[in-house]
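Data first, discussion second: the structure below is written as structure tokens.
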Amino acid sequence: MHFHGMHVSPAYGQDEIIATILDTGGNFTYKLMVPLEHPPGVYWYHPHVHPLADMSVLGGASGMIIVDGLEGRVPDLAGIPVRTFSVRDNVIPGLTSALPATAPAWDLSVNFVPVPYPNYPPAQLSIQPSSQELWRVLAACADDLYNLQLQYDGVPQALRLVAIDGAPTTNVAVDSIMLPGGARAEFVVRAPDTGVQLAQLVTLGIDAGLLAPKHPFRPIIQLVADAAAPLPALSLPVPGPVA
């Protein structure tokens with residue numbers, strides 16, 4: 001098991017990927033010594049047995065790790081509601097012949113909700129109108145890459161990028177975020193108001209070259225503004241008074 005991006009030891013039983021190989025049906029306990037000064041943010045874990053790692057990750061064998069403390073680096077985020085999204089790639093099911101030139105090299109899912117070729121029905125998210133949330137997005141991918149953009153009626157929305165790959169940024173406003181496989185981004189979004197007809201988180205088309213795999217435009221999540229929508233279950237802590 002590899003603990004991607006984390007500042008932990010490569011010793012046996014921690015982030016060691018050469019000698020630690022488990023038999024099917026066996027049990028093993030990982031014990032990570034995470035330093036107190038570990039940078040906050042989003043990390044992830046996945047199998048790392050060569051040459052099986054690619055198919056393991058394509059099959060969904062991965063998970064997100066969050067190290068607390070971002071509100072200490074970006075104080076005005078204290079108390080903000082948080083959503084987490086893991087975007088995964090997978091082999092297109094039932095593929096028996098060559099794909100059209102416009103087709104993606106891999107299907108994608110978000111939090112295990114498929115967004116399959118060729119129609120790409122996006123995952124659905126009800127959200128309180130005009131609310132602000134911190135979105136933590138992991139590209140838990142073996143091979144694919146994404147260029148995220150939030151669009152309201154086709155218009156790109158400003159995303160306040162506060163961290164990338166576990167490293168706090170300078171709170172820059174961007175209209176798209178490139179995420180290669182394994183990358184993580186944390187950004188603040190403003191939800192659509194009720195007048196928006198179509199609100200979507202999409203991945204823009206990426207031209208990686210003539211002979212490279214295809215990465216077409218695809219919707220990922222469709223947002224529906226709903227005043228009755230529940231708040232996210234998570235939020236960043238609000239620091240208590242200093243004793």
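The values are calculated or read from the model by the stated rules, or taken from the named source; none is laboratory data. Predicted model, so just to flag it, every value in this text is computed and none were measured. Please note: Cβ atoms are built from the backbone with ideal geometry, for glycine as well, and neighbour counts cover all protein chains shown. With ligands, DNA and RNA removed, areas are computed over all heavy atoms of the protein, side chains included. Shrake-Rupley method; radii C 1.70, N 1.55, O 1.52, S 1.80 Å.
A few notes on this one:
- Single condition Ser130 does not satisfy, out of (1) open to solvent by 30 Å² or more (accessible area, probe 1.4 Å); (2) closer than 22 Å to Val57 by Cα; (3) among the hydroxyl-bearing types (Ser, Thr, Tyr): (2)
- Test for Leu231: is it assigned to a loop (DSSP other than H, G, I, E, B) and not basic (Lys, Arg): yes
- Filter result for Ala208 (touching a His at 6+ places or on another chain (Cβ under 7 Å), part of a loop (DSSP other than H, G, I, E, B) and more than 15 Å from Trp135 (Cα to Cα)): yes
- Hits in the range 48-86 (condition: of a type in the set (A, V, I, L, M), open to solvent by 30 Å² or more (accessible area, probe 1.4 Å) and not in a helix (DSSP H, G or I)): Val49, Leu52, Ala61, Met64, Ile65, Ile66, Ala78
- Leading residue by the ranking (modelled with the lowest pLDDT) among those in the range 144-168 that are in a loop (DSSP other than H, G, I, E, B) and within 14 Å of the chain's Cα centre (by Cα): Gly166
- Answer residue from the range 100-127, given it is touching a Lys or Arg at 6+ places or on another chain (Cβ under 8 Å) and part of a loop (DSSP other than H, G, I, E, B) and is surrounded by the most Cβ atoms within 10 Å (Cβ to Cβ) among those: Pro104
- Among the residues of the range 37-46, those that are assigned to a loop (DSSP other than H, G, I, E, B) and either in contact with a Lys or Arg (Cβ under 6 Å, 6 or more places away or on another chain) or surrounded by 18 or more Cβ atoms within 10 Å (Cβ to Cβ) (or both) comprise Pro39, Pro40.
- Residue, most open to solvent (accessible area, probe 1.4 Å), within the range 143-197, restricted to residues that are hydroxyl-bearing (Ser, Thr, Tyr) and under 21 Å from Phe217 (Cα atoms): Ser176
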